[in-house]
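Asks: What follows is a structure written as structure tokens; I'll ask about it next.
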Amino acid sequence: MTTASALARLLKPVAGLPPAISIADVADRLLTPEHKAFLSLPIVDAAGRPLGLVSRTTLQDIFMQRFGRDLRGRHPVSEVMNPAPLTVSLDTSLEEAAKQITGQLQYPITEDFILVDGEGLYRGLGTVLDLLKAMEARIAQRNQVLRKALVDLKESQTQLVQSEKMASLGQMVAGVAHELNTPLGYVKNNVQLLRELSAPLFVLAEAQAALADCLSDPACDEARLALALDTAASARDNAAPELLVEDLTQLFSDTLYGLEQIGELVVGLKDFARLDRAMSEEVDLNECVRSALVIARNSIKDKAEAVLQLGELPRIPCAPSQINQVLLNLFTNAAQAIDGFGQIVVKTWADEAAVFLSVQDSGRGMPPPVLARIFDPFFTTKPVGQGTGLGLSISFKIIQDHGGLIRVASEPGRGTRFLIRLPRPQPAALATALQRSA
């Protein structure tokens with residue numbers, strides 16, 4: 001439907017009256033059934049151009065007076081018409097018509113509005129209430145479209161956030177797998193060495209058992225005994241148990257160390273994901289820092305030295321898996337921002353109202369235009385395929401849901417520093433956010 005036809009649907013084909021018609025005749029016209037639905041009657045000239053509008057209210061004021069009909073009934077209607085009525089062109093859109101009329105409308109509403117064509121000729125009347133109903137229907141229709149668009153946008157946002165989480169999870173799993181491979185590799189090698197070194201010992205044990213059987217057997221002759229002694233002596237020389245003590249001790253020590261590293265990674269992964277914890281609990285932020293660094297170790301170890309300056313912190317209520325997601329993002333971003341080998345300083349402290357954490361790197365830093373957009377969704381300075389631009393945006397939302405603040409300061413050539421502030425008392429916003437995510 002075009003804008004012109006939308007407004008034309010409100011048009012009422014009410015005939016215009018000449019300006020010389022008497023007030024009494026106009027009053028009689030307004031009382032006829034065909035005009036009872038209207039508040040007013042139009043006055044037009046001989047060429048069909050609108051001159052004014054006469055409302056029921058104006059006539060009522062005249063005829064409610066004593067002898068009003070006798071005194072004014074024969075006067076021309078031009079004396080009582082509104083010479084500047086609300087006039088709208090049929091070419092005007094519904095929205096513009098509503099804006100134009102509401103801008104000139106006087107309350108209470110005592111008149112209709114005149115509709116004219118492109119040449120300014122009278123075409124009929126429109127009622128303000130009909131226009132408002134049409135606008136209400138139009139707004140309802142657009143609201144429905146907007147609601148659908150909002151639902152689609154939220155679904156898309158949820159999918160994008162989930163995509164970013166899966167990308168982070170893939171990166172994390174790849175890093176953990178790489179970290180596990182190193183200790184697993186030398187544990188496997190040590191076990192193979194142990195098997196090779198222990199094989200001669202098993203042969204020695206069998207030879208010594210055969211010698212013991214011969215010694216305890218009265219029927220064992222000298223030849224059999226001599227063979228058993230020679231076999232045991234040869235097995236003893238091959239096994240050389242006195243030389244194995246140091247090797248076996250070192251192998252067992254290295255194997256236990258590798259298993260401890262694997263155990264540390266598994267515990268760190270469990271603490272990072274908090275799979276066995278409640279959505280919200282009292283957490284020491286320093287524990288989150290340590291577990292996130294364990295998971296990020298593969299991304300950091302070849303890029304920077306992690307320097308920890310962790311102060312004594314009170315436990316604060318939070319969703320630890322979400323906080324760990326923020327920390328992992330900050331640590332990996334810091335490592336990626338460093339050219340060559342640098343340093344990442346992680347510092348924590350607290351005051352009476354909040355707990356603070358800063359992550360400072362010695363990387364390239366960011367110019368002001370990039371810094372201004374660092375938390376914008378989909379904004380990234382990484383090459384295509386290496387970043388979604390959602391990591392810091394999601395981190396900002398997580399900290400915001402916890403009632404906290406995240407700030408960043410950076411300067412090209414001098415690195416970047418992120419500062420996180422988390423309140424010590426649990427805010428209502430966190431409880432609401434956790435209920436939504438549960």
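The values are calculated or read from the model by the stated rules, or taken from the named source; none is laboratory data. Keep in mind the model is a prediction, meaning the values are calculated, not measured. Backbone-built Cβ (ideal geometry, glycine too); neighbour counts: all protein chains shown.
Asks: If you scan region 221-244, which residues turn out to be at pLDDT 80 or above and either aliphatic (A, V, I, L, M) or touching a Ser or Thr at 6+ places or on another chain (Cβ under 6 Å) (or both)?
Replies: Of region 221-244, the ones at pLDDT 80 or above are 221-238.
Once the filter is applied, which keeps residues that are at pLDDT 80 or above and either aliphatic (A, V, I, L, M) or touching a Ser or Thr at 6+ places or on another chain (Cβ under 6 Å) (or both), region 221-244 yields Ala223, Leu225, Ala226, Leu227, Ala228, Leu229, Ala232, Ala233, Ala235.
Asks: From the list Ala354, Ala372, Ala304, exactly one residue is of a type outside the set (Ser, Thr, Tyr) and surrounded by 21 or more Cβ atoms within 10 Å (Cβ to Cβ). Which is it?
Replies: Working: Ala354 fails: surrounded by 21 or more Cβ atoms within 10 Å (Cβ to Cβ); Ala372 fails: surrounded by 21 or more Cβ atoms within 10 Å (Cβ to Cβ).
Going through Ala354, Ala372, Ala304 in turn, the sole match is Ala304.
Asks: Could you tell me whether any residue of region 378-393 is assigned by TED's automatic domain parsing to the domain that holds Arg421, part of a helix (DSSP H, G or I) and modelled with pLDDT of 85 or more? Step through it out loud before you land on a result.
Replies: Initially, region 378-393 is screened for residues assigned by TED's automatic domain parsing to the domain that holds Arg421, giving 378-393.
Cutting the leftovers down to part of a helix (DSSP H, G or I) gives us 391-393.
If we keep only those that are modelled with pLDDT of 85 or more too, we end up with none.
Within region 378-393, not a single residue is assigned by TED's automatic domain parsing to the domain that holds Arg421, part of a helix (DSSP H, G or I) and modelled with pLDDT of 85 or more.
Asks: Could you run through region 299-351 and say how many residues are in contact with a Phe, Trp or Tyr (Cβ under 7 Å, 6 or more places away or on another chain), assigned to a strand (DSSP E or B) and more than 19 Å from Val408 (Cβ to Cβ)?
Replies: Within region 299-351, residues that are in contact with a Phe, Trp or Tyr (Cβ under 7 Å, 6 or more places away or on another chain), assigned to a strand (DSSP E or B) and more than 19 Å from Val408 (Cβ to Cβ) number 1.
Asks: Here's another thing I want to ask about it. Out of Met64, Met81, I need the residue that is modelled with pLDDT under 80, over 47 Å from the mean Cα position of the chain (by Cα) and of a type in the set (A, V, I, L, M). Which one? I'd like the intermediate steps shown before the answer.
Replies: Numbers: Met81 fails: modelled with pLDDT under 80.
Being modelled with pLDDT under 80, over 47 Å from the mean Cα position of the chain (by Cα) and of a type in the set (A, V, I, L, M) holds for just one of Met64, Met81, which is Met64.
Asks: For Ile101, which of the numbered conditions (1) among the β-branched types (Val, Ile, Thr); (2) under 30 Å from Ala140 (Cα atoms); (3) modelled with pLDDT under 75 fails to hold?
Replies: The number of the failed condition is (3).
Asks: Any residue that is charged (D, E, K, R) and either part of a loop (DSSP other than H, G, I, E, B) or at pLDDT 85 or above (or both) - is there at least one of those in region 429-436?
Replies: Residues of region 429-436 charged (D, E, K, R): 436.
Then keep just the ones that are either part of a loop (DSSP other than H, G, I, E, B) or at pLDDT 85 or above (or both); that gives none.
For region 429-436, residues charged (D, E, K, R) and either part of a loop (DSSP other than H, G, I, E, B) or at pLDDT 85 or above (or both): absent.
Asks: Can you give me the number of residues within region 313-330 that are over 17 Å from the mean Cα position of the chain (by Cα), closer than 20 Å to Gln360 by Cβ and not aliphatic (A, V, I, L, M)?
Replies: 0
Asks: Something else now. Test Leu229 against the stated conditions and say whether it is closer than 30 Å to Gly263 by Cα and either assigned to a helix (DSSP H, G or I) or not assigned by TED's automatic domain parsing to the domain that holds Gln261 (or both).
Replies: Here the answer is no, as Leu229 does not meet what is asked.
Asks: Hey, can you tell me all the residues within region 177-207 that are within 56 Å of the chain's Cα centre (by Cα) and either among the aromatic types (Phe, Trp, Tyr) or outside any helix (DSSP H, G or I) (or both)?
Replies: Tyr186
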